[in-house]
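Colleague: Have a look at this one.
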Amino acid sequence: MRADRLLSLLLLLQNRGRMTAPELAAELEVSLRTVYRDVEALGASGVPVLADRGPAGGYRLAEGYRTRLTGLTDAQAGSLFLAGAPGPAQELGLGADLAAAQLKLQAALPAALAGRARRIQDRFHLDAPAWFREADPVPYLAQIAQAVWDQRVLRAHYRRWRGEVRRELHPLGLVLKAGIWYLVAEVDDGAVRTYRVARFLAVDTAAEGFERPAGFELAAYWQESTRRLGAVLHQQTAELRLSPRGQRLLPMQFGAAANRALAEAGPADADGWVRVLLPVESEEIAVGDLLRLGAEAELLGPPELRRALAETVATLAGRYGLPARPGRPGGADMAQGSAEERPGIAAAIVVCEGRVLMVRRRVGEGPLSWQFPAGEIESGETPDEAAVRETVEETGLVVAAVQHLGERVHPKTGRQMSYTACEVVSGTADVVDTDELDQLAWVPLPEIPEYVPYGLYTPVQNYLNTAAAKG
């Protein structure tokens, strides 16, 4: 609206002093002709706008003139919580409101405080996303945010590894984590779940509202959700010897866990090396993470992890000109084929009391009917993490990865598959994702051929055979 633009122009001149017409046009996102007309309109309304000619010229207000038209609208006041994050404010559709609110606040401040606020803005900047990572496309973020604010039901199409899923959601809040937006929402069975906003394919805001769960607090939910994920991911503790340089590298690679480990480290030896106990993820992930420390660290235990790390180092030595130790295949042998055009699929092999968890999907894929819990591996996610997440999302069962069994191109579907053995941590398995699943079953190990008559991937079958032998 022109009235809002005239007020913004007036506040810009009041807060910043002399500004050229091109500078005003850029700030207001209008043409030069519009700026000239607006300046003329301000003058006609009694505002003393002066035009200075020459290379250092521009528009300014007469000395001593200040406006007090600084009342905030509801939208502008609501945008102030994002004052330090203009990028997220723009994504939420609050960019213009935030800019107008900041101008009005600066206009209301005494001159000394307004100058200090301007200096702080010029000297400090918050950039939330992680380094070298492109932001997710979030075309429905503003609409979702409005539904959160208005407590309106959302009918959404959400992308999972098999395609579109329709869900009715009660949106409770939005979380921005490392530059990625997440929606926290209640589903029809009363459970509260987390959705990545970039994976919504379509969103329709319904007319009806909903009641928020009694006692629900977004920050508390997110903190607990993050804690549970960390507990699932950190499955074992590695004992390390670190050089002085390794002690500096460790926090860069392992974050807060590394800082805690170093704080509890034993005394340094004559060469400055120390021993630490560091929580790590599954064997495959831990090996890759520890290799980043190079020769500045020695893994002392556990023995299985040390052996896996040694085998990987030997394979690398062979690849770069030294004989490789047998027993660990090279990269080309890890998968039987290539399926790079689509994201890989992570499957969870969950065994409990002599039975394996299997699910039957509503939409079959070729001859496949009964399968292991599985889903697409998301960007930045490891196969083990994807297997754990998909099991929780599909069945409500919290599991932990215990062994990476292997990878292949599935002979029936042509998809790149990864298989992870998991153990039950908590919960009871049930059909949580009713749009995706028709049924689930804990299948006795001898009865697996009745559910999967075409046979299993050999490493998976071997793992199940071992589990059956243990009883």
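The values are calculated or read from the model by the stated rules, or taken from the named source; none is laboratory data. These figures come from a predicted structure and were not determined experimentally. Glycine also receives a Cβ, built like all others from the backbone with ideal geometry; neighbour counts cover every protein chain displayed. Note: areas computed on protein heavy atoms with side chains; ligands, DNA, RNA excluded. Shrake-Rupley method; radii C 1.70, N 1.55, O 1.52, S 1.80 Å.
Colleague: 7 Å from Cα along Cα→Cβ at both Thr194 and Arg245: what's the point-to-point distance in nm?
Modeller: 3.6 nm
Colleague: Further, regarding this structure: So between Glu164 and Leu316, what do we pick up on full extension, going 0.36 nm a residue minus the alpha carbon distance?
Modeller: The span from Glu164 to Leu316 would gain 50.6 nm if fully extended.
Colleague: Could you order Arg193, Arg18, Arg360 by accessible surface area, starting with the largest, using a probe radius of 1.4 Å?
Modeller: Largest accessible area first, the list is Arg18, Arg360, Arg193.
Colleague: Assuming 0.36 nm per residue, please report the length gained on full extension of the stretch Glu208 to Arg33 beyond their Cα-Cα distance.
Modeller: Here the answer is 58.5 nm.
Colleague: Along the Cα→Cβ direction, 7 angstrom out, place labels at Thr226 and Lys177. What is the inter-label distance in nm?
Modeller: Using points 7 Å along Cα→Cβ, the separation is 0.8 nm.
Colleague: Here's something else I'd like to know. Hey, rough spin-label estimate for Leu50 and Ser426, points 7 angstrom out along Cα→Cβ, what's it come to in nanometres?
Modeller: Placing both labels 7 Å along Cα→Cβ, they lie 6.9 nm apart.
Colleague: Going by accessible area, probe 1.4 Å, with all protein chains left in place, what is the ranking of Ser31, Ser225, Ser418, Ser45, largest first?
Modeller: So the residues, ranked largest to smallest area, are Ser45, Ser31, Ser225, Ser418.
Colleague: Considering only protein heavy atoms and a probe of 1.4 Å, how much of the accessible area of segment 401-447 is carbon and sulfur, as a whole percent?
Modeller: Whole-percent figure for carbon plus sulfur exposure: 43.
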